[in-house]
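The values are calculated or read from the model by the stated rules, or taken from the named source; none is laboratory data. These numbers come from a predicted model, not from an experiment. Methodologically, a virtual Cβ is constructed for each residue, glycine included, from the backbone with ideal geometry; neighbour enumeration extends over all protein chains shown. These accessible areas exclude ligands, DNA and RNA; they are computed on the full protein's heavy atoms, side chains included. Shrake-Rupley method; radii C 1.70, N 1.55, O 1.52, S 1.80 Å.
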Amino acid sequence: MREIVLIYLDRSGGLQKFVLDCKKYNDSKQSYAVYRFIVSVNPSDIAELDATLGNYILHNPIQAAQIFQSVCFVAVKTLSLVEQLQTEAQINILLKPTHLPPLPSYILDLSAFPFNYTSQRFYEAEGVVITMATVTKYTQGARFLCTGETCPFSEGFRHIRVHVPGATESATVRNDFVCSLCSSPLQEDMKFRVLGDKQIVEMIDKKALNALKGYSNNKSHFRIQTFTVFLR
Ligand SMILES: [Zn+2]
């Protein structure tokens, strides 16, 4: 699938954008724990190129991003795009679909029962934002070093923790991680921490607007409940 990812990136102009993003990082001379790249994907175009990859992006986006990550790392190394970047773990790819297939299974309807939203894939939700918190910072990526003095992972970029969609922030930064090589405690190297913007909004489903209009849907009882959305 890596070859197809490369073909797609090349044809869609994604590769060109990636090279430009790399240039910005390279010119900044700044060293980070992770380098974040947003890749726009058109599910129809990808499915036409390769149905398996298209399906993978729609239904396993986190794993699909890992294929893009590995392709992009090879590109960075072979073309020497970012001098400071050392390991594949430092590349954080965010796949952003241009649209989703216009099918009911891609619509997030929280009033539907039974709930079946445990899979970590893309859904479309339409509603009205009713409250908004201020924009705050969260940790997008962090570098950890092994405290074992003789351990090879006490330097370099071996223990990189990246925030993945849907995860809590304590999954990225915590003080009880241990080295995968020698089991010594890990310590964060704060100089390399990468922060991003986060905003929490409360939304109501667009269907709730009918109730607010006084429109009767022939149900004597109904309840309107907001849902929380994390924008990162
Ligand atoms: Zn270690």
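Probing with 1.4 Å while keeping every protein chain in the model, the per residue accessible area of the chain equals 61 Å². Taking label points 7 Å from Cα along the Cα-to-Cβ direction, Leu181 and His59 give a separation of 3.9 nm. In the chain, helices alone account for a calculated mean residue ellipticity at 222 nm of -8500 deg cm²/dmol, with every DSSP H run of four or more residues adding -39,500 (n - 2.57).
Put +1 on the Cβ of each Lys and Arg and -1 on the Cβ of each Asp and Glu in segment 2-105; which of Tyr32, Tyr56, Leu81 then has its Cα farthest toward the positive end of the dipole? Sorting the options by dipole projection puts first Tyr32.
Across the protein chains, with a 1.4 Å probe defining accessible surface, the residues Phe37, Phe153, Phe230 rank Phe230, Phe153, Phe37 from largest area downward. Using r as the Cβ-Cβ distance of Ala112 and Asp27, and R0 as 45 Å, what FRET efficiency do you calculate, to the nearest 0.05? With R0 = 45 Å, the Cβ-Cβ based efficiency is 0.40. Annotation: extensible slack from Ala51 through Tyr138 equals 27.8 nm (criterion: 0.36 nm per residue apart, minus Cα-Cα distance).
Of the cross-linked pairs Lys24/Lys206; Lys137/Lys207; Lys96/Lys207; Lys23/Lys137, those separated by over 30 Å at the C-alpha level are Lys24/Lys206; Lys137/Lys207.
Other residues lying with their Cβ under 13 Å from the Cβ of Glu155 contribute a combined charge of 0, Lys and Arg counting +1, Asp and Glu -1. Taken about its Cα centre, the chain carries a charge dipole of roughly 500 debye when the Cβ of each Lys and Arg holds +1 and the Cβ of each Asp and Glu holds -1. Placing unit charges on the Cβ atoms of the charged side chains and taking the dipole of the chain about its Cα centre, the candidate lying farthest along the positive direction among Ser105, Phe68, Phe18 is Ser105.
Taking trypsin sites (Lys or Arg not before Pro) across segment 2-87, the ones in a DSSP loop with at most 13 further Cβ atoms lying within 10 angstrom of their Cβ are Lys29.
Bridges between two residues of the chain, per DSSP, are antiparallel at a rate of about 75%. Taking a Cβ cut-off of under 14 Å around Val178, the surrounding Lys, Arg, Asp and Glu residues balance to a net charge of +1, with basic ones at +1 and acidic ones at -1.
Largest to smallest in accessible area, the residues Thr168, Thr150 fall in the order Thr150, Thr168 (1.4 Å probe, all protein chains included). Placing Cys72, Cys182 in order of accessible area, with the largest value first and a 1.4 Å probe, yields Cys182, Cys72. Of the GluC sites (Glu not before Pro) found in segment 142-207, those in coil by DSSP whose Cβ has at most 12 other Cβ atoms within 10 Å are Glu149, Glu155.
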